[in-house]
Structures are given as structure tokens and as C-alpha cells.
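The values are calculated or read from the model by the stated rules, or taken from the named source; none is laboratory data. From a predicted model like this one, the values you see are computed outputs, not experimental measurements. When we count neighbours, we look across all protein chains shown, and the Cβ atoms used for this are built from the backbone with ideal geometry, even at glycine. Side chains are part of the model used for accessible areas, which takes the heavy atoms of the whole protein and leaves out ligands, DNA and RNA. Shrake-Rupley method; radii C 1.70, N 1.55, O 1.52, S 1.80 Å.
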Amino acid sequence: MERIFYSIAEVSEMLHITQPTLRHWERQFKQLAPHRSNGRRFYTKQDIEIVKQIDYLRNEEHLGMDAIKKRLSDNRSEVEKKQQAIERLRNIRNTLQSIKQNIS
């Protein structure tokens, strides 16, 4: 059964992004609005995808916060497609590297 919510600690570990960075991005980007209950944040899969997009724009395209905000509000579907393509390519590379190591 697929989970609906993930804690900030789980998202941080899953994406290798610190919890303070996630909190900062939450304040900066209106698109990122995890559910809150009893002072705790709970991220949906959609929230996680937005985090991935912000991370992609920040670390792959080297954009500043204002540029990221603009790209997410103007062309979010394009950003999502690029980010997902990069993620698939990384997974393929990792698989190929693993195969290469097993052959050697």
C-alpha cells in the first residue's frame, strides 16, 4: 500500500536535503505547502515532486530563489518534465554502473 504522507525527516533523508533547507523552501515557495498537524509537517507525493523541482533548478540549473519562483510559476510543467528526465537518466546511469561492476 502506498503512503499518503511523509515526515520532514523522511523527505530529508530520501532526497538528501537538510530539514532546515526544506523549512526555508517552504517559506519561500507558495507551491510547497505540506500539511501540518500538531506542529509537524507532512509531505504528500506532490510536495515531494515540488521539492525535487526546486532542488533541480537550484543545483542543476544554478538558479537563484527569484528565478526559481518565476520558473515554477510560469513553466512548472516544463520544469517537471526536465527534472523527471534527469532523474530517469541518473537511474539508468546507476543501473549501468552496477551492471559494469558485476561484470568486472
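Per DSSP H run of n ≥ 4, the term is -39500 (n - 2.57); total these for the chain, divide by its residue number, and report the mean residue ellipticity at 222 nm rounded to 500 deg cm²/dmol.
My calculation for the chain gives -23500 deg cm²/dmol from helical runs alone.
With +1 assigned to the C-beta of every Lys and Arg and -1 to the C-beta of every Asp and Glu, and no other charges, what is the dipole magnitude of region 24-104 about the Cα centre in debye, to the nearest 20?
Approximately 180 debye in magnitude.
I need the shape label for the chain. Rule: rounded when a/c is under 1.5, else prolate if a/b > b/c, else oblate, with a, b, c from the alpha carbon gyration tensor.
It is oblate, given that a/c is not under 1.5 and a/b is not larger than b/c.
Any idea of GLU78's accessible area? Nearest 10 Å², probe 1.4 Å.
Ignoring ligands and nucleic acids, GLU78 comes out at about 80 Å².
By how many nm would the segment from ALA67 to ARG27 grow when fully extended, if each residue of separation counts as 0.36 nm and the alpha-carbon distance is taken off?
Going from the current span to full extension adds 12.8 nm.
At a 1.4 Å probe, what is the % contribution of carbon and sulfur to the accessible area of the chain?
50 percent
To the nearest 10 degrees, how steep is helix 65-103 against the longest Cα principal axis of the chain, on a 0 to 90 scale?
It works out to around 30 degrees.
Provide the per residue accessible area, probe 1.4 Å, for the chain, rounded to a whole number of square angstrom.
For the chain, the per-residue accessible area is 69 Å².
Largest first, how would HIS35, HIS62, HIS24 line up by accessible area (1.4 Å probe)?
My answer, sorted largest first, is HIS62, HIS35, HIS24.
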